[in-house]
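The values are calculated or read from the model by the stated rules, or taken from the named source; none is laboratory data. Because the structure is a prediction, the values reported are computed rather than measured. Heads up, the Cβs are rebuilt from the backbone with ideal geometry, glycines too, and the neighbour counts pull from every protein chain shown. Side chains included, ligands, DNA and RNA excluded: accessible areas come from the protein's heavy atoms. Shrake-Rupley method; radii C 1.70, N 1.55, O 1.52, S 1.80 Å.
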Amino acid sequence: MAERSEDSEEVKLLGMWASPFSRRIEIALTLKGVPYEFSEQDITNKSDLLLRLNPVYKMIPVLVHNGKPISESLVILEYIDDTWRNNPILPQDPSERAMARFWAKLIDQQICVAAMKVAGTIGEERDAAVEETRNLLMFLEKELVGKDFFGGQSLGLVDIVATLVAFWLIRTEDLLGVKVVPVEKFPEIHRWVKNLSGNDVIKKCIPPEDEHLEYIRARMDKLNIKSA
Amino acid sequence: MASGEVKLIGAWASPFVMRPRVALNLKSVPYEFLQETFGSKSELLLKSNPVHKKIPVLLHADKPVCESNIIVEYIDETWSSSGPSLLPSLPYDRAMARFWAAYIDEKWFVALRNFLKAEGEEEKKAVIAEFEEGNALLEKAFIDCSKGKPFFNGDHIGYLDISLGSFLAWLRVTELAASYKLLDEAKTPSLCKWADHFCNDPAVKPVMPETAKLAEFAKKIFAKPQA
(Lines give C-alpha, C1' and ligand atoms only; values in the text may rest on other atoms or scores of the structure.)
Protein backbone atom coordinates (compact mmCIF):
# COMPACT_ATOMS: atom_id res chain seq x y z
CA MET A 1 0.00 0.00 0.00
CA ALA A 2 1.39 3.38 -0.96
CA GLU A 3 2.20 5.69 1.94
CA ARG A 4 -0.06 8.73 2.14
CA SER A 5 2.00 10.76 4.53
CA GLU A 6 -0.15 13.87 4.09
CA ASP A 7 -3.19 12.15 5.56
CA SER A 8 -1.39 10.01 8.11
CA GLU A 9 -1.96 10.07 11.83
CA GLU A 10 1.75 10.80 12.13
CA VAL A 11 2.89 13.43 14.51
CA LYS A 12 5.96 15.42 13.61
CA LEU A 13 7.61 18.07 15.74
CA LEU A 14 9.93 20.68 14.28
CA GLY A 15 12.00 21.78 17.23
CA MET A 16 15.38 22.64 18.67
CA TRP A 17 17.07 20.63 21.42
CA ALA A 18 18.01 23.61 23.62
CA SER A 19 14.73 25.55 23.31
CA PRO A 20 12.38 25.56 26.32
CA PHE A 21 9.45 26.13 23.96
CA SER A 22 10.32 23.05 21.92
CA ARG A 23 11.04 20.86 24.98
CA ARG A 24 7.66 21.66 26.55
CA ILE A 25 5.93 20.11 23.51
CA GLU A 26 8.06 16.98 23.90
CA ILE A 27 7.05 16.80 27.56
CA ALA A 28 3.33 16.98 26.69
CA LEU A 29 3.55 14.38 23.92
CA THR A 30 5.59 12.03 26.14
CA LEU A 31 3.20 12.50 29.06
CA LYS A 32 0.36 11.33 26.82
CA GLY A 33 2.34 8.51 25.22
CA VAL A 34 2.02 10.01 21.73
CA PRO A 35 4.75 8.76 19.38
CA TYR A 36 6.28 11.50 17.28
CA GLU A 37 9.04 12.17 14.82
CA PHE A 38 11.41 14.90 15.93
CA SER A 39 12.98 17.12 13.31
CA GLU A 40 15.88 19.15 14.72
CA GLN A 41 15.93 22.59 13.13
CA ASP A 42 18.85 24.95 12.60
CA ILE A 43 17.35 28.23 13.71
CA THR A 44 20.33 30.20 12.41
CA ASN A 45 19.66 28.86 8.93
CA LYS A 46 15.96 28.18 8.71
CA SER A 47 14.82 25.34 6.49
CA ASP A 48 12.32 25.73 3.66
CA LEU A 49 10.13 23.29 5.56
CA LEU A 50 10.03 25.52 8.63
CA LEU A 51 9.35 28.67 6.60
CA ARG A 52 6.56 26.89 4.75
CA LEU A 53 4.95 25.45 7.88
CA ASN A 54 5.21 28.63 9.99
CA PRO A 55 5.15 31.55 7.55
CA VAL A 56 3.79 34.01 10.15
CA TYR A 57 6.51 33.68 12.81
CA LYS A 58 9.12 31.45 11.13
CA MET A 59 9.89 29.87 14.55
CA ILE A 60 9.97 26.54 16.25
CA PRO A 61 8.21 24.64 17.68
CA VAL A 62 5.78 23.57 14.97
CA LEU A 63 3.63 20.50 15.45
CA VAL A 64 2.39 18.74 12.34
CA HIS A 65 -0.53 16.37 12.80
CA ASN A 66 -2.60 14.85 10.00
CA GLY A 67 -0.50 16.96 7.66
CA LYS A 68 -1.62 20.22 9.30
CA PRO A 69 0.88 22.54 11.04
CA ILE A 70 0.25 24.28 14.35
CA SER A 71 2.57 26.94 15.79
CA GLU A 72 2.97 28.85 19.07
CA SER A 73 3.81 26.59 21.98
CA LEU A 74 0.82 27.48 24.20
CA VAL A 75 -1.55 26.91 21.26
CA ILE A 76 0.16 23.58 20.56
CA LEU A 77 -0.13 22.49 24.20
CA GLU A 78 -3.88 23.17 24.20
CA TYR A 79 -4.21 21.33 20.87
CA ILE A 80 -2.41 18.31 22.32
CA ASP A 81 -4.73 18.31 25.35
CA ASP A 82 -7.81 18.67 23.10
CA THR A 83 -6.70 15.83 20.82
CA TRP A 84 -5.23 13.20 23.18
CA ARG A 85 -7.53 13.08 26.20
CA ASN A 86 -5.55 10.76 28.47
CA ASN A 87 -3.38 12.30 31.23
CA PRO A 88 -4.97 15.75 30.87
CA ILE A 89 -2.64 18.70 31.37
CA LEU A 90 -5.44 21.20 31.96
CA PRO A 91 -7.78 20.79 34.95
CA GLN A 92 -11.50 20.06 34.44
CA ASP A 93 -12.91 22.96 36.43
CA PRO A 94 -13.33 26.17 34.35
CA SER A 95 -11.97 28.51 37.02
CA GLU A 96 -8.91 26.28 37.55
CA ARG A 97 -8.41 26.15 33.78
CA ALA A 98 -8.55 29.94 33.68
CA MET A 99 -5.94 30.14 36.47
CA ALA A 100 -3.65 27.67 34.64
CA ARG A 101 -3.89 29.73 31.44
CA PHE A 102 -3.26 32.90 33.43
CA TRP A 103 -0.03 31.59 34.98
CA ALA A 104 1.16 30.13 31.67
CA LYS A 105 0.70 33.54 30.04
CA LEU A 106 2.48 35.30 32.91
CA ILE A 107 5.46 32.97 32.60
CA ASP A 108 5.82 33.39 28.84
CA GLN A 109 4.99 37.06 28.46
CA GLN A 110 6.58 38.50 31.59
CA ILE A 111 8.79 36.14 33.57
CA CYS A 112 10.57 34.92 30.44
CA VAL A 113 11.09 38.48 29.18
CA ALA A 114 12.40 39.70 32.56
CA ALA A 115 14.75 36.71 32.82
CA MET A 116 16.14 37.43 29.34
CA LYS A 117 16.79 41.00 30.43
CA VAL A 118 18.87 39.65 33.32
CA ALA A 119 20.98 37.72 30.83
CA GLY A 120 21.31 40.62 28.44
CA THR A 121 22.08 43.56 30.75
CA ILE A 122 24.64 44.69 33.29
CA GLY A 123 24.84 46.99 36.29
CA GLU A 124 21.73 48.87 37.42
CA GLU A 125 19.67 47.63 34.49
CA ARG A 126 20.46 44.05 35.46
CA ASP A 127 19.61 44.69 39.12
CA ALA A 128 16.24 46.05 38.07
CA ALA A 129 15.63 43.01 35.85
CA VAL A 130 16.53 40.66 38.70
CA GLU A 131 14.10 42.43 41.01
CA GLU A 132 11.35 42.35 38.39
CA THR A 133 11.88 38.62 37.82
CA ARG A 134 11.78 37.94 41.56
CA ASN A 135 8.58 39.96 42.06
CA LEU A 136 6.88 37.94 39.33
CA LEU A 137 8.24 34.63 40.65
CA MET A 138 6.82 35.42 44.09
CA PHE A 139 3.34 34.85 42.64
CA LEU A 140 4.38 31.39 41.50
CA GLU A 141 6.02 30.74 44.87
CA LYS A 142 2.71 31.40 46.63
CA GLU A 143 0.84 29.16 44.16
CA LEU A 144 2.97 26.14 45.10
CA VAL A 145 2.22 26.15 48.83
CA GLY A 146 0.82 22.75 49.81
CA LYS A 147 1.23 21.29 46.30
CA ASP A 148 3.75 18.90 44.76
CA PHE A 149 3.24 20.49 41.36
CA PHE A 150 1.32 23.47 40.00
CA GLY A 151 -1.05 20.85 38.60
CA GLY A 152 -1.58 19.35 42.07
CA GLN A 153 -0.37 15.80 42.45
CA SER A 154 0.69 15.47 38.84
CA LEU A 155 2.22 17.61 36.10
CA GLY A 156 -0.07 20.17 34.51
CA LEU A 157 0.13 22.96 31.96
CA VAL A 158 1.82 25.39 34.33
CA ASP A 159 4.48 22.86 35.36
CA ILE A 160 5.24 22.17 31.71
CA VAL A 161 5.47 25.87 30.85
CA ALA A 162 7.42 26.69 34.03
CA THR A 163 10.18 24.19 33.17
CA LEU A 164 11.57 27.37 31.61
CA VAL A 165 12.17 28.65 35.14
CA ALA A 166 13.52 25.35 36.50
CA PHE A 167 15.84 24.27 33.69
CA TRP A 168 16.65 27.44 31.82
CA LEU A 169 16.69 30.17 34.48
CA ILE A 170 17.70 28.41 37.70
CA ARG A 171 19.97 25.98 35.89
CA THR A 172 22.00 28.79 34.32
CA GLU A 173 22.37 30.98 37.42
CA ASP A 174 26.03 30.06 37.87
CA LEU A 175 26.73 31.06 34.27
CA LEU A 176 24.81 34.30 34.68
CA GLY A 177 26.72 35.04 37.86
CA VAL A 178 23.62 36.00 39.83
CA LYS A 179 21.31 33.87 41.97
CA VAL A 180 18.04 35.17 40.58
CA VAL A 181 16.03 32.54 42.51
CA PRO A 182 17.77 32.05 45.87
CA VAL A 183 16.44 29.13 47.89
CA GLU A 184 16.00 31.31 51.03
CA LYS A 185 13.53 33.53 49.17
CA PHE A 186 11.92 30.78 47.07
CA PRO A 187 11.81 27.54 49.10
CA GLU A 188 8.60 26.32 47.41
CA ILE A 189 9.97 26.80 43.90
CA HIS A 190 13.12 24.88 44.84
CA ARG A 191 11.04 22.09 46.35
CA TRP A 192 9.04 21.98 43.13
CA VAL A 193 12.22 21.81 41.03
CA LYS A 194 13.27 18.75 43.08
CA ASN A 195 9.89 17.15 42.39
CA LEU A 196 10.24 17.89 38.68
CA SER A 197 13.76 16.51 38.59
CA GLY A 198 12.53 13.20 40.01
CA ASN A 199 9.77 12.83 37.42
CA ASP A 200 10.46 10.29 34.67
CA VAL A 201 8.86 12.28 31.83
CA ILE A 202 10.76 15.42 32.79
CA LYS A 203 14.04 13.52 33.14
CA LYS A 204 13.55 12.12 29.65
CA CYS A 205 12.58 15.40 27.98
CA ILE A 206 14.87 18.12 29.28
CA PRO A 207 18.23 18.91 27.66
CA PRO A 208 21.16 17.06 29.26
CA GLU A 209 22.74 19.44 31.75
CA ASP A 210 26.39 19.48 30.64
CA GLU A 211 25.64 19.92 26.94
CA HIS A 212 23.00 22.52 27.77
CA LEU A 213 25.36 24.63 29.89
CA GLU A 214 28.07 24.32 27.22
CA TYR A 215 25.65 25.52 24.57
CA ILE A 216 24.57 28.51 26.66
CA ARG A 217 28.15 29.40 27.51
CA ALA A 218 29.00 29.36 23.80
CA ARG A 219 25.99 31.54 22.97
CA MET A 220 26.86 34.03 25.66
CA ASP A 221 30.42 34.27 24.30
CA LYS A 222 29.07 34.79 20.82
CA LEU A 223 26.78 37.58 22.02
CA ASN A 224 29.65 39.04 24.07
CA ILE A 225 27.79 38.44 27.30
CA LYS A 226 30.18 37.87 30.18
CA SER A 227 29.68 34.41 31.63
CA ALA A 228 30.75 33.71 35.17
CA MET B 1 -21.35 25.47 38.30
CA ALA B 2 -23.02 28.24 36.35
CA SER B 3 -24.78 29.63 39.42
CA GLY B 4 -23.62 32.62 41.41
CA GLU B 5 -23.61 36.37 40.86
CA VAL B 6 -21.62 37.71 37.94
CA LYS B 7 -19.86 41.07 38.06
CA LEU B 8 -17.49 42.59 35.54
CA ILE B 9 -14.96 45.25 36.51
CA GLY B 10 -14.22 47.36 33.45
CA ALA B 11 -14.66 50.55 31.48
CA TRP B 12 -16.88 51.37 28.49
CA ALA B 13 -14.03 52.47 26.25
CA SER B 14 -11.74 49.49 26.70
CA PRO B 15 -11.67 46.99 23.82
CA PHE B 16 -10.45 44.30 26.23
CA VAL B 17 -13.45 44.87 28.51
CA MET B 18 -15.77 44.67 25.51
CA ARG B 19 -14.70 41.06 24.94
CA PRO B 20 -16.27 39.45 28.02
CA ARG B 21 -19.31 41.74 27.65
CA VAL B 22 -20.03 40.36 24.18
CA ALA B 23 -19.44 36.81 25.45
CA LEU B 24 -21.81 37.28 28.40
CA ASN B 25 -24.44 38.72 26.03
CA LEU B 26 -24.07 35.77 23.66
CA LYS B 27 -24.66 33.42 26.58
CA SER B 28 -27.53 35.55 27.94
CA VAL B 29 -25.81 35.85 31.32
CA PRO B 30 -26.90 38.89 33.34
CA TYR B 31 -24.08 40.74 35.09
CA GLU B 32 -23.38 43.86 37.08
CA PHE B 33 -21.00 46.19 35.26
CA LEU B 34 -18.68 47.91 37.73
CA GLN B 35 -17.11 50.83 35.91
CA GLU B 36 -13.69 52.03 36.90
CA THR B 37 -12.99 55.77 36.82
CA PHE B 38 -10.38 56.66 34.24
CA GLY B 39 -7.08 57.45 35.96
CA SER B 40 -7.68 55.57 39.20
CA LYS B 41 -8.00 51.96 40.31
CA SER B 42 -10.59 50.78 42.82
CA GLU B 43 -9.79 48.70 45.89
CA LEU B 44 -11.86 45.89 44.40
CA LEU B 45 -9.79 45.90 41.20
CA LEU B 46 -6.48 45.89 43.08
CA LYS B 47 -7.71 43.06 45.30
CA SER B 48 -9.16 41.02 42.41
CA ASN B 49 -6.20 41.36 40.05
CA PRO B 50 -3.15 41.87 42.27
CA VAL B 51 -0.76 40.60 39.57
CA HIS B 52 -1.62 43.01 36.76
CA LYS B 53 -4.05 45.51 38.40
CA LYS B 54 -5.84 45.74 35.04
CA ILE B 55 -9.37 45.52 33.68
CA PRO B 56 -11.32 43.48 32.73
CA VAL B 57 -11.82 41.23 35.74
CA LEU B 58 -14.79 38.89 35.89
CA LEU B 59 -16.08 38.07 39.35
CA HIS B 60 -18.17 34.92 39.42
CA ALA B 61 -19.54 34.20 42.91
CA ASP B 62 -16.73 36.54 44.02
CA LYS B 63 -14.00 34.42 42.37
CA PRO B 64 -11.92 36.57 40.00
CA VAL B 65 -10.95 35.62 36.44
CA CYS B 66 -8.45 37.88 34.66
CA GLU B 67 -7.15 38.47 31.10
CA SER B 68 -9.82 39.17 28.47
CA ASN B 69 -9.34 36.13 26.19
CA ILE B 70 -9.03 33.84 29.21
CA ILE B 71 -12.29 35.28 30.57
CA VAL B 72 -14.03 34.61 27.23
CA GLU B 73 -12.95 30.96 27.35
CA TYR B 74 -14.07 30.75 30.97
CA ILE B 75 -17.51 32.10 30.00
CA ASP B 76 -17.76 29.59 27.15
CA GLU B 77 -16.83 26.68 29.43
CA THR B 78 -18.98 27.71 32.38
CA TRP B 79 -22.17 28.50 30.46
CA SER B 80 -21.58 25.77 27.90
CA SER B 81 -25.24 24.77 27.67
CA SER B 82 -26.42 28.32 27.03
CA GLY B 83 -26.20 29.82 23.56
CA PRO B 84 -23.79 28.75 20.81
CA SER B 85 -20.24 27.54 21.47
CA LEU B 86 -17.70 30.35 21.29
CA LEU B 87 -14.91 28.06 20.13
CA PRO B 88 -15.10 25.61 17.22
CA SER B 89 -15.54 21.93 18.08
CA LEU B 90 -12.58 20.44 16.17
CA PRO B 91 -9.18 20.69 17.92
CA TYR B 92 -7.44 22.02 14.79
CA ASP B 93 -10.05 24.76 14.30
CA ARG B 94 -9.75 25.65 17.99
CA ALA B 95 -5.99 25.89 17.58
CA MET B 96 -6.43 28.26 14.62
CA ALA B 97 -8.81 30.46 16.65
CA ARG B 98 -6.29 30.63 19.53
CA PHE B 99 -3.36 31.22 17.17
CA TRP B 100 -4.99 34.17 15.43
CA ALA B 101 -6.32 35.64 18.67
CA ALA B 102 -2.76 35.67 20.03
CA TYR B 103 -1.51 37.20 16.75
CA ILE B 104 -4.14 39.94 16.98
CA ASP B 105 -3.05 40.97 20.49
CA GLU B 106 0.70 40.54 20.06
CA LYS B 107 1.21 41.84 16.50
CA TRP B 108 -1.86 43.41 14.87
CA PHE B 109 -2.92 45.57 17.81
CA VAL B 110 0.68 46.63 18.44
CA ALA B 111 0.89 47.79 14.80
CA LEU B 112 -2.38 49.74 15.28
CA ARG B 113 -0.98 51.42 18.39
CA ASN B 114 2.27 52.23 16.58
CA PHE B 115 0.23 53.86 13.85
CA LEU B 116 -1.28 56.24 16.39
CA LYS B 117 2.15 57.08 17.77
CA ALA B 118 3.96 57.33 14.43
CA GLU B 119 5.42 60.70 13.58
CA GLY B 120 6.64 61.85 10.20
CA GLU B 121 5.96 60.43 6.75
CA GLU B 122 8.66 57.72 6.78
CA GLU B 123 7.59 56.23 10.07
CA LYS B 124 3.91 56.41 9.13
CA LYS B 125 4.58 54.64 5.82
CA ALA B 126 6.48 51.83 7.56
CA VAL B 127 3.76 51.30 10.16
CA ILE B 128 1.02 51.32 7.53
CA ALA B 129 2.90 48.68 5.52
CA GLU B 130 3.24 46.51 8.63
CA PHE B 131 -0.41 46.97 9.52
CA GLU B 132 -1.62 46.14 6.01
CA GLU B 133 0.55 43.02 5.93
CA GLY B 134 -1.28 41.92 9.07
CA ASN B 135 -4.65 42.71 7.53
CA ALA B 136 -3.82 40.54 4.52
CA LEU B 137 -3.01 37.66 6.87
CA LEU B 138 -6.28 38.15 8.74
CA GLU B 139 -8.25 38.34 5.47
CA LYS B 140 -6.88 34.92 4.53
CA ALA B 141 -7.43 33.60 8.06
CA PHE B 142 -11.05 34.72 7.86
CA ILE B 143 -11.58 32.88 4.58
CA ASP B 144 -9.96 29.73 6.02
CA CYS B 145 -11.77 29.81 9.37
CA SER B 146 -15.24 30.95 8.27
CA LYS B 147 -15.55 28.37 5.47
CA GLY B 148 -18.13 30.55 3.70
CA LYS B 149 -20.06 31.54 6.82
CA PRO B 150 -20.42 35.13 8.10
CA PHE B 151 -18.08 34.83 11.12
CA PHE B 152 -14.63 33.42 11.94
CA ASN B 153 -16.54 31.01 14.19
CA GLY B 154 -19.05 30.08 11.49
CA ASP B 155 -22.75 30.90 11.82
CA HIS B 156 -22.33 32.64 15.16
CA ILE B 157 -19.89 35.08 16.72
CA GLY B 158 -17.11 33.32 18.60
CA TYR B 159 -13.81 33.75 20.40
CA LEU B 160 -11.82 34.99 17.39
CA ASP B 161 -14.60 37.29 16.17
CA ILE B 162 -14.73 38.82 19.65
CA SER B 163 -10.95 39.14 19.84
CA LEU B 164 -10.70 41.16 16.60
CA GLY B 165 -14.13 42.82 16.65
CA SER B 166 -13.45 44.44 20.02
CA PHE B 167 -10.89 46.69 18.29
CA LEU B 168 -13.23 47.98 15.55
CA ALA B 169 -14.38 51.12 17.37
CA TRP B 170 -10.78 52.15 18.08
CA LEU B 171 -9.89 51.32 14.48
CA ARG B 172 -12.61 53.71 13.29
CA VAL B 173 -11.43 56.46 15.64
CA THR B 174 -7.88 56.02 14.33
CA GLU B 175 -9.11 56.17 10.72
CA LEU B 176 -10.90 59.46 11.46
CA ALA B 177 -7.91 60.98 13.22
CA ALA B 178 -5.49 59.94 10.46
CA SER B 179 -7.89 60.45 7.51
CA TYR B 180 -6.77 57.05 6.28
CA LYS B 181 -8.76 53.92 5.62
CA LEU B 182 -7.14 51.21 7.73
CA LEU B 183 -9.71 48.57 6.78
CA ASP B 184 -10.18 48.92 3.03
CA GLU B 185 -12.93 47.15 1.04
CA ALA B 186 -10.63 46.97 -1.94
CA LYS B 187 -7.84 45.22 -0.01
CA THR B 188 -9.76 43.17 2.55
CA PRO B 189 -13.32 42.74 1.25
CA SER B 190 -14.15 39.73 3.44
CA LEU B 191 -12.97 41.42 6.62
CA CYS B 192 -15.05 44.50 5.83
CA LYS B 193 -18.18 42.41 5.31
CA TRP B 194 -17.40 40.55 8.53
CA ALA B 195 -16.96 43.86 10.41
CA ASP B 196 -20.44 44.93 9.31
CA HIS B 197 -22.00 41.66 10.49
CA PHE B 198 -20.13 41.86 13.77
CA CYS B 199 -21.13 45.43 14.55
CA ASN B 200 -24.79 44.75 13.77
CA ASP B 201 -25.07 41.68 15.95
CA PRO B 202 -27.49 42.18 18.87
CA ALA B 203 -24.88 40.87 21.34
CA VAL B 204 -22.40 43.50 20.14
CA LYS B 205 -24.47 46.65 19.48
CA PRO B 206 -25.17 47.56 23.12
CA VAL B 207 -21.51 47.34 24.16
CA MET B 208 -19.71 48.72 21.10
CA PRO B 209 -18.56 52.27 21.94
CA GLU B 210 -20.07 54.94 19.71
CA THR B 211 -17.38 56.32 17.39
CA ALA B 212 -18.03 60.01 18.15
CA LYS B 213 -18.05 59.43 21.92
CA LEU B 214 -14.86 57.36 21.68
CA ALA B 215 -13.16 59.99 19.50
CA GLU B 216 -13.93 62.62 22.20
CA PHE B 217 -12.53 60.31 24.86
CA ALA B 218 -9.41 59.58 22.78
CA LYS B 219 -8.79 63.32 22.34
CA LYS B 220 -8.98 63.73 26.10
CA ILE B 221 -6.64 60.90 27.06
CA PHE B 222 -4.09 61.47 24.30
CA ALA B 223 -4.09 65.24 24.68
CA LYS B 224 -0.52 66.47 24.65
CA PRO B 225 0.18 68.64 27.71
CA GLN B 226 0.52 72.31 26.86
CA ALA B 227 4.08 73.64 26.90
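Return the only residue of A:A128, A:A114, A:A98, A:A119 being in contact (Cβ under 8 Å) with a residue 60 or more places away in the chain and either among the hydrophobic types (A, V, I, L, M, F, W, C) or within 12 Å of A:V165 (Cβ to Cβ) (or both).
Answer to the selection: A:A119.
A:A104 versus (1) within 13 Å of chain B (Cβ to nearest Cβ); (2) open to solvent by 10 Å² or more (accessible area, probe 1.4 Å): which is the lone unmet condition?
Against the list (1) within 13 Å of chain B (Cβ to nearest Cβ); (2) open to solvent by 10 Å² or more (accessible area, probe 1.4 Å), A:A104 comes up short only on (2).
Regarding segment A:145-163, can at least one residue be identified that is closer than 24 Å to B:P64 by Cα, within 10 Å of chain B (Cβ to nearest Cβ), in a loop (DSSP other than H, G, I, E, B) and of a type outside the set (A, V, I, L, M, F, W, C)?
No: zero hits.
Give the residue that is farthest from A:Q92 (Cα to Cα), with candidates limited to residues of segment B:1-30 that are part of a strand (DSSP E or B) and of a type outside the set (G, A, S).
Filtering first and then ranking leaves B:I9.
For (1) in contact with a Cys (Cβ under 7 Å, 6 or more places away or on another chain); (2) surrounded by 19 or more Cβ atoms within 10 Å (Cβ to Cβ); (3) not assigned by the TED database to the domain that holds B:I55, each residue gets a yes or a no:
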{"site": "B:V72", "(1), (2), (3)": "no, yes, no"}
{"site": "B:W108", "(1), (2), (3)": "no, yes, yes"}
{"site": "B:A118", "(1), (2), (3)": "no, no, yes"}
{"site": "B:E121", "(1), (2), (3)": "no, no, yes"}
{"site": "B:E132", "(1), (2), (3)": "no, no, yes"}
{"site": "B:L137", "(1), (2), (3)": "no, no, yes"}
{"site": "B:F151", "(1), (2), (3)": "no, yes, yes"}
{"site": "B:D155", "(1), (2), (3)": "no, no, yes"}
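Answer yes or no as to whether B:M18 is in the same structural domain as B:P209 (by the TED database) and in contact (Cβ under 8 Å) with a residue 12 or more places away in the chain.
no
Condition first: closer than 22 Å to A:I76 by Cβ, more than 15 Å from the chain's Cα centre (by Cα) and within 7 Å of chain A (Cβ to nearest Cβ). Now tell me which residues in segment B:58-78 satisfy that.
Of everything in segment B:58-78, those that are closer than 22 Å to A:I76 by Cβ, more than 15 Å from the chain's Cα centre (by Cα) and within 7 Å of chain A (Cβ to nearest Cβ) turn out to be B:Y74, B:E77.
Is it true that some residue in segment B:196-212 is assigned to a helix (DSSP H, G or I) and in contact with a Gly (Cβ under 7 Å, 6 or more places away or on another chain)?
yes
Of the residues that make up segment B:146-156, is at least one part of a helix (DSSP H, G or I), over 30 Å from B:K220 (Cβ atoms), touching a Leu at 6+ places or on another chain (Cβ under 6 Å) and not charged (D, E, K, R)?
no
Starting from residues that are within 9 Å of another protein chain (Cβ to nearest Cβ) and part of a strand (DSSP E or B), keep the ones in segment A:64-87 and report whichever is most open to solvent (accessible area, probe 1.4 Å).
Taking the candidates together, the pick is A:K68.
Do the conditions hold for B:E36, that is, is it modelled with pLDDT of 95 or more, on the phi > 0 side of the Ramachandran plot and either surrounded by 14 or more Cβ atoms within 10 Å (Cβ to Cβ) or polar (S, T, N, Q) (or both)?
No: the conditions fail for B:E36.
Go through segment A:140-198 and count every residue that is small (G, A, S) and surrounded by 16 or more Cβ atoms within 10 Å (Cβ to Cβ).
Residues in segment A:140-198 being small (G, A, S) and surrounded by 16 or more Cβ atoms within 10 Å (Cβ to Cβ): 4 in total.
Please determine, by comparing only the residues of segment B:1-52 that are under 26 Å from B:G165 (Cβ atoms) and among the charged types (D, E, K, R), which one is nearest to the chain's Cα centre (by Cα).
Applying the filter and picking the extreme gives B:R19.
Pairs needed: first member in segment B:36-54, within 13 Å of chain A (Cβ to nearest Cβ); second member anywhere, not in a loop (DSSP other than H, G, I, E, B); C-beta distance under 6 Å; at least 6 residues apart or different chains.
Here the result reads B:S48/B:V57; B:S48/B:P64; B:N49/B:V57; B:N49/B:C66; B:V51/A:F139; B:K53/B:L46, each pair linking segment B:36-54 to a residue that is not in a loop (DSSP other than H, G, I, E, B).
Being surrounded by 11 or more Cβ atoms within 10 Å (Cβ to Cβ) and not hydrophobic (A, V, I, L, M, F, W, C) is the filter here; which residues of segment A:205-225 pass it?
Answer for segment A:205-225, where residues must be surrounded by 11 or more Cβ atoms within 10 Å (Cβ to Cβ) and not hydrophobic (A, V, I, L, M, F, W, C): A:P207, A:E211, A:H212, A:E214, A:Y215, A:R217, A:R219, A:D221.
Return the pair list, or none, for Cβ contacts closer than 7 Å from residues in segment B:176-190 that are assigned by the TED database to the domain that holds B:V127 and outside any loop (DSSP other than H, G, I, E, B) to residues that are hydroxyl-bearing (S, T, Y) and surrounded by 14 or more Cβ atoms within 10 Å (Cβ to Cβ), at least 6 apart or on different chains.
Here the result reads none, with nothing in segment B:176-190 linked to a residue that is hydroxyl-bearing (S, T, Y) and surrounded by 14 or more Cβ atoms within 10 Å (Cβ to Cβ).
Going by the structure shown, is A:A129 at pLDDT below 95, away from every other protein chain (no Cβ under 14 Å) and either open to solvent by 10 Å² or more (accessible area, probe 1.4 Å) or part of a helix (DSSP H, G or I) (or both)?
No, not satisfied.
Residue check: is B:I162 of a type outside the set (D, E, K, R), part of a helix (DSSP H, G or I) and surrounded by 14 or more Cβ atoms within 10 Å (Cβ to Cβ)?
For B:I162, the condition - of a type outside the set (D, E, K, R), part of a helix (DSSP H, G or I) and surrounded by 14 or more Cβ atoms within 10 Å (Cβ to Cβ) - is met.
Does A:L90 satisfy the condition of being outside any loop (DSSP other than H, G, I, E, B), within 17 Å of the chain's Cα centre (by Cα) and surrounded by fewer than 23 Cβ atoms within 10 Å (Cβ to Cβ)?
Here the answer is no, as A:L90 does not meet what is asked.
Here are some residues: B:A141, B:A111, B:A101. Which one is touching a Ser or Thr at 6+ places or on another chain (Cβ under 6 Å) and among the small types (G, A, S)?
On inspection, the qualifying residue turns out to be B:A101.
I'm checking my understanding of the structure. Among residues of segment B:79-102 that are open to solvent by less than 20 Å² (accessible area, probe 1.4 Å) and either farther than 30 Å from A:V11 by Cα or outside any helix (DSSP H, G or I) (or both), which one is farthest from the other protein chains (Cβ to nearest Cβ)?
Among them, the one singled out is B:L86.
Can you tell me which residue in segment B:15-35 is farthest from the other protein chains (Cβ to nearest Cβ), limited to those that are within 21 Å of A:Q109 (Cβ to Cβ) and not aliphatic (A, V, I, L, M)?
Applying the filter and picking the extreme gives B:P15.
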